[in-house]
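Notes for the one structure printed next.
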Number of protein chains: 2
Amino acid sequence: MSETLADIGEFGLIDRIHKLLQKESALALGVTLGIGDDSASFQPRPGYEILVTCDCLVAGQHFLPDFITPLDLGRRAMVVNISDIGAMGGRPLYALVSLGLKTDTSVADVEAIYRGFIMELNPFEASIVGGNITKTDDALFIDITLIGEVEQGKLMLRSNAKVDDAILVTGYPGQAATGLQLLSHSKSTEGLREHRLVCAHTTPSHRAREGQAIAHSGFATAMIDTSDGFLGDLGHICQSSGVGAVLIQEKLPVNEDLRNAAAELKLDPYKLVLQESDDYELIITCPPDNVTQIRSAIAAVSDVPVTEVGRITDSVGDIQLTLPNGTHRHVIPSGWNHFSK
Amino acid sequence: MSETLADIGEFGLIDRIHKLLQKESALALGVTLGIGDDSASFQPRPGYEILVTCDCLVAGQHFLPDFITPLDLGRRAMVVNISDIGAMGGRPLYALVSLGLKTDTSVADVEAIYRGFIMELNPFEASIVGGNITKTDDALFIDITLIGEVEQGKLMLRSNAKVDDAILVTGYPGQAATGLQLLSHSKSTEGLREHRLVCAHTTPSHRAREGQAIAHSGFATAMIDTSDGFLGDLGHICQSSGVGAVLIQEKLPVNEDLRNAAAELKLDPYKLVLQESDDYELIITCPPDNVTQIRSAIAAVSDVPVTEVGRITDSVGDIQLTLPNGTHRHVIPSGWNHFSK
C-alpha cells in the first residue's frame, strides 16, 4: 500500500513538500522570506509593476483524473497561471499553492503534482513561496496564485485594440477541446492518451516568453491568452476595447491533426479552431505596419507559428467571418460558462 | 424562488460582483489594473516589502454552514488572511478571491459573502483586485490570497525569539474552539448562535492593527497569530527560534465566558486557553525591558488586553507549565492536523 496523507499528517506532508522544494526548485529573485511563516515576503524591483493572477482546477470540472498523471496535473495547473502573467507581458516569479486533498491521497501523488509545478516554474527561475493544504472529502482542487513583474509602462491590456489593427494568433487554437471531443466520442480510449490533441489538453503550452517579447517590443496594442477559446477571447478584446473584428476563414490556422480529427468527428475544422478551448495561445492586435516587428520579436524567442487572421473593425462587439465566397457570417463568442443550465 | 448561479451564468455573476465592488468597496492604493484582464497589477511603494499569504475555508471542514451566515462567512475567510498579514507587521492591500460554488447557490448568498470581504477590507482601504469562480459539485470553498506591505526592515518573524524574552498574548485565546465545543455538546442549539464564544468562532477578530503597531515600534523579537491555538503557535515560535518556553498557569488569560463554559463542559479552563483554536490573537516575544513599550504601542491603536504569561527558555522545543504549587508540567503543542487518523 502506498503511503497516504493519513499516514504522515498535515505537518508531515508540509515537511515533505518543503524538502522537495529545497532540493528541486529554483529560488526566485527577491524572496526575503519563503515558506514557513504566516506570510511570505519579497522585495519588488524598482522600475517594475507587480502582476497577480489566480486560477483554480477542480477534478471532474477542469480535468479528467483518469486521463492525466499527477505530474501533468501540476504542470497544467501552473501553465494556466503562467499563461495569464505572460498575456500581460510579464514574467512569473512567485507562486502560492492551495491544495484541497482527501485523506486517502497518496503522498507520492502530491509530490508528483509539486514536481509538475516546479517543472514549469524552474525555467523562469520562479518559485513557490507559500500556500496551504486543506482537507476535503470531495473533489481534489488546486488553486494557484501567481505573482509576476512587468517593466513599467509595458503592461499589455486587452482593452487597447484599435480599429484597422491586424489580428494575429500564435499556434493552433482549438486543439485542447478537439482532444477532449476525441476522448468523449471514441469507443475505446486505447492509444488516445498519446494523441497530440489529447496531450494539448493534458499538457498545454503557455506563450509567456512570447508574451514578454511582444510587450518588450512595444509594437502591439492588445493581447490576451485563448483560455476561453479563440472566439471567446477575441470577443473579450472587442468588448473591452469597444471594437469589432472581421476574420478571414481560410486564414484561420488549421494543422493536420485538427483536420484529421474534424474528418473523424464529422465537424467543420474552422469551427474547431474558433470554439471554446483552453489552449493558452496568444491573440495579439497591432497596427498593420507593425506585423513584421511582432513576428520578429516572437521569432527571437520561439519557433511557434504566428498567423494573421483578420482586422479590428468599428462594429462594436460584432465579429464577422469572411467565407471563401466573399460572404460574411456573424459569429457569436460564447466562452466557457461553467454555471449555464 | 431565489435567483441562482444557473439563472445568471458565470459571466453574469462576475458582472454582478464587479458592480457590487465598484459601489461598495474602497479602491486600494497603487492598483494600476483591477478586475477584468488576465492579471491585475499594482505599483509597489518604495521602502516597502511585499507580503503574501493564502488561506482556504472548506464547508464542513472549517465552518458549519448552518451556523454561519454568508456575510459572516465572507468576513471570516478574509479575517484569517488579514490576521496572517498583521502577524508579520504588515498592512493588507490587495485580495484575490477564488470561489468554488455549486450551480444552485443563490446569487444573493454570493453577494453577501463579498459584502463580508468588503466589510473587513474597507477599514484598511484594501480591495479585491482579482480572482476566479469555479463550479464544484461538492462542498463550497473560499480560497483567498492576500497581499500586503510592510516597512522595509520591520518584518516580524516567528523565528527570532530569544532566551529570557517575555511572552505576551493579546485577548483571550481558546474562545473559538470552546464555542464549537458548546455547540457540539448542547442538546439544543437554541440561542447559542448569539453566545459570545460561538461568535468568536463564526466572526473572529484579527489583530492586524496591533501587529502593525508592534512591528513599527521595533520592540518585539517574534510574533505569530494563534490560528493553530495558543500552545500550537507558541510551539511554532519555539521550533523556528530554537528555544523553549515556560508558562505560568495562573497568568493565562481566562475571561468569565470561558470560565462559565469550562464549568458547563466540566473541563479545565486553562486547557481551553491552550487548546487548538482559531482565535487570531497575537503571541509576541520581547526582552523583558520592552514589555511596557509593547503595551503602549498596542494601547495606542486598540483596547485589547495584553497579558504577560511566561518566558522563553533555552530548553529547545520544550514548553513547561508552572502550576500554582510551583511544580512544572510538560505540555505538548499539537496544533490543527487535518489529515491525522
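Per-structure values
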| read-out | value |
| --- | --- |
| Filtered residues of segment B:208-263 (kept if free of Cβ contacts under 8 Å to residues at least 12 places away in the same chain and of a type in the set (A, V, I, L, M)) | B:Ala263 |
| A:Ala215 vs. criteria among the small types (Gly, Ala, Ser) and more than 22 Å from A:Ala299 (Cα to Cα) | no |
| Single residue of B:Ile82, B:Ile133 found to be touching a Leu at 6+ places or on another chain (Cβ under 9 Å), at pLDDT below 95 and of a type in the set (A, V, I, L, M, F, W, C) | B:Ile133 |
| Options B:Pro92, B:Pro123; residue that is within 22 Å of B:Gln212 (Cα to Cα), free of Cβ contacts under 8 Å to residues at least 12 places away in the same chain and outside any loop (DSSP other than H, G, I, E, B) | B:Pro123 |
| Residue under evaluation A:Arg311, criteria (1) touching a residue at least 12 places away in the same chain (Cβ under 8 Å); (2) of a type in the set (Lys, Arg); (3) surrounded by fewer than 15 Cβ atoms within 10 Å (Cβ to Cβ), criterion not met | (3) |
| Sole exception among (1) buried (at least 18 other Cβ atoms within 10 Å of the Cβ); (2) away from every other protein chain (no Cβ under 14 Å) for B:Lys162, by number | (1) |
| Segment A:42-58 - residue that is farther than 18 Å from A:Leu121 by Cα and at the interface with chain B (Cβ under 10 Å from one of its Cβ atoms) and, of those, surrounded by the fewest Cβ atoms within 10 Å (Cβ to Cβ) | A:Pro46 |
| Condition met for A:Ala112 (over 18 Å from the mean Cα position of the chain (by Cα), more than 11 Å from chain B (Cβ to nearest Cβ) and part of a helix (DSSP H, G or I)) | yes |
| Hits in segment A:59-80 - residues which are at the interface with chain B (Cβ under 9 Å from one of its Cβ atoms) and either among the hydroxyl-bearing types (Ser, Thr, Tyr) or closer than 22 Å to B:Ala40 by Cβ (or both) | A:His62 |
| Selection status of A:Asp37, within 13 Å of chain B (Cβ to nearest Cβ), surrounded by 19 or more Cβ atoms within 10 Å (Cβ to Cβ) and of a type in the set (Asp, Glu) | yes |
| Sole residue being within 14 Å of chain A (Cβ to nearest Cβ) and at pLDDT 95 or above, chosen from B:Ile167, B:Ile118, B:Ile144 | B:Ile144 |
| Some residue of segment A:88-108 being polar (S, T, N, Q), closer than 30 Å to A:Pro253 by Cβ and more than 10 Å from chain B (Cβ to nearest Cβ) | no |
| Selection from segment B:1-34 of residues that are free of Cβ contacts under 8 Å to residues at least 40 places away in the same chain and more than 10 Å from chain A (Cβ to nearest Cβ) | B:Met1, B:Asp15, B:His18, B:Lys19, B:Gln22, B:Lys23 |
| Residue check, B:Ser83 touching a His at 6+ places or on another chain (Cβ under 8 Å) and assigned by TED's automatic domain parsing to the domain that holds B:Tyr114 | yes |
| So A:Ser184, is it part of a helix (DSSP H, G or I), among the small types (Gly, Ala, Ser) and over 16 Å from the mean Cα position of the chain (by Cα) | yes |
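The values are calculated or read from the model by the stated rules, or taken from the named source; none is laboratory data. Quick caveat: nothing in here was measured; it's all calculated off a predicted structure. We place every Cβ from the backbone using ideal geometry, glycine too, and count neighbours over all the protein chains shown.
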